Amino acid sequence: MHQAQLKASFWIVALSLMLVVGCAGYSKTEKVGNPHVAQAIAHGQEAVEHGEMGHADEVVKHAEVSLQHAQAAKKEMSNPHLDAGIAELVEAIAHGKAGHADVATTHAKSAVAHLKEI
């Protein structure tokens with residue numbers, strides 16, 4: 001009987017551990033959020049980095065990819081920060097195409113700030 005109780009205790013501990021690890025993984029996944037938002041942020045940050053170097057064409061390139069991801073996220077969720085981020089990315093692209101890297105960078109920074117609030 002003692003050995004059976006020990007075996008049962010082992011399985012209870014093992015299942016409890018799997019439950020804890022599984023819940024921790026779920027919690028981590030929940031914090032990650034929408035993958036399109038994550039990609040929009042990443043490309044938005046690339047746009048900012050290039051804009052700070054004066055590369056207006058690269059701001060446009062990364063802001064356009066960021067915008068595509070933000071618009072894809074918009075199809076899956078509704079959030080005022082997402083709307084504001086999209087509007088800022090549109091402005092960043094327009095100013096980048098005009099060769100205004102500094103203004104485009106300001107808009108890209110604002111877009112990233114909004115997207116991070118989602």
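The values are calculated or read from the model by the stated rules, or taken from the named source; none is laboratory data. Keep in mind the model is a prediction, meaning the values are calculated, not measured. Note that each Cβ is placed from the backbone with ideal geometry, even for glycine, and that neighbours are counted across all protein chains shown.
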Whichever residue in the range 66-104 is among the aliphatic types (A, V, I, L, M) and surrounded by fewer than 18 Cβ atoms within 10 Å (Cβ to Cβ) and, among such residues, is nearest to GLU117 (Cα to Cα): ALA84
Condition met for ALA72 (touching a Gly at 6+ places or on another chain (Cβ under 7 Å) and touching a residue at least 24 places away in the same chain (Cβ under 8 Å)): no
VAL37 vs. criteria in contact with a Gly (Cβ under 7 Å, 6 or more places away or on another chain), at pLDDT 95 or above and crowded, with 19+ Cβ neighbours inside 10 Å: no
